[in-house]
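Engineer: What follows is a single structure, and I will ask about it in a moment.
The values are calculated or read from the model by the stated rules, or taken from the named source; none is laboratory data. All values reported here derive from a predicted model rather than from experimental measurement. Quick reminder, even Gly has a Cβ in these numbers, built from the backbone with ideal geometry, and neighbours come from all protein chains shown. SASA here: full protein model, heavy atoms, side chains in, ligands and nucleic acids out. Shrake-Rupley method; radii C 1.70, N 1.55, O 1.52, S 1.80 Å.
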Amino acid sequence: ERLNRMINDMLDLDRIEAGRLTLHIESVDINELLQAAADRSRAVATNHTVTCKFDGEPLVRCDPDRIAQVAANLLGNAVKYSPEGGAIEITTRLDGDEIYVSVRDHGVGIAPEFMKKLFSRYERYEKTSGKILGTGLGLALAKQIVELHGGNISATSEPGEGSDFHFTLPVNGPKIG
């Protein structure tokens, strides 16, 4: 399964970079999509507490499968980089014509010198990589997917205190052309 996921991630990145990935845009209750991702995360991360704090019931024009892929990646990383368990919080905030999504953990955090490489292909935070499996493709893919939707993704982190990964999406969907 892990090898299959890695190959699919590599192929998706290649398709995006070549301009050959087609988004299937529809109106989506983003909070419902994120709640489902949180529920899946809870099922496999029993020593973590995953909470959701959502703003309203915003409908967002996006590709639900791709945004679910971003959410799963961010939640998976929050679990992996919080090896002792702990709280993970997903929040949304509607801000004009954008939705702001945050996934916050209280894990190992990321060193400041690594932050600039965080969303690059094949980059993994090495502080704990001996214990944590990964390919270094997930955040690069998440960045590409969010940007294809016309949004932005970034992170803030404090070593030993955890990380906050956040992205925005335009409520009315990506601009075509």
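Engineer: Select from the range 1-98 those trypsin sites (Lys or Arg not before Pro) which occupy a DSSP coil region and have at most 14 other Cβ atoms within 10 Å, ordered by residue number. Before the final figure, lay out each step's value.
Structural biologist: On the way: sites: R2, R5, R15, R20, R40, R42, K53, R61, R66, K80, R93; in loops: R20.
Sites meeting the loop and neighbour criteria: R20.
Engineer: Hey, got the Cα dimensions of the chain along the principal axes, in Å, largest first?
Structural biologist: Principal extents (largest minus smallest coordinate, Cα): 43, 36, 31 Å.
Engineer: Pairs of alpha-carbon atoms within less than 8 angstrom and 6+ residues apart define the contacts here; what relative contact order does the chain have, in percent?
Structural biologist: Numbers: 329 pairs, mean separation 41.4, N = 177.
Contact order relative to length: 23 percent.
Engineer: Leaving out ligands, DNA and RNA, what percent of the accessible area of the range 35-124 is carbon and sulfur, probe 1.4 Å? Kindly include the intermediate steps, with their values, before the conclusion.
Structural biologist: Numbers: 2270 of 4480 Å².
Carbon plus sulfur share of accessible area: 51 percent.
Engineer: Here is a follow-up. Give the accessible area for E57 in Å² (nearest 10); use a 1.4 Å probe, count only protein heavy atoms, and leave out ligands, DNA and RNA.
Structural biologist: Answer for E57: close to 150 Å² accessible.
Engineer: Provide the gained length on full extension for the span E57 to A111, in nm with one decimal, where the gain is 0.36 nm per separating residue minus the Cα-Cα distance.
Structural biologist: Numbers: separation 54, 0.36 × 54 = 19.44 nm, distance 3.54 nm.
Contour length minus the Cα-Cα distance gives 15.9 nm.
Engineer: With the other protein chains left in place, how much accessible area per residue, in square angstrom, belongs to the chain at a 1.4 angstrom probe? Intermediate results must be reported in sequence, preceding the final value.
Structural biologist: Numbers: 9340 Å² over 177 residues.
Here the per-residue accessible area is 53 Å².
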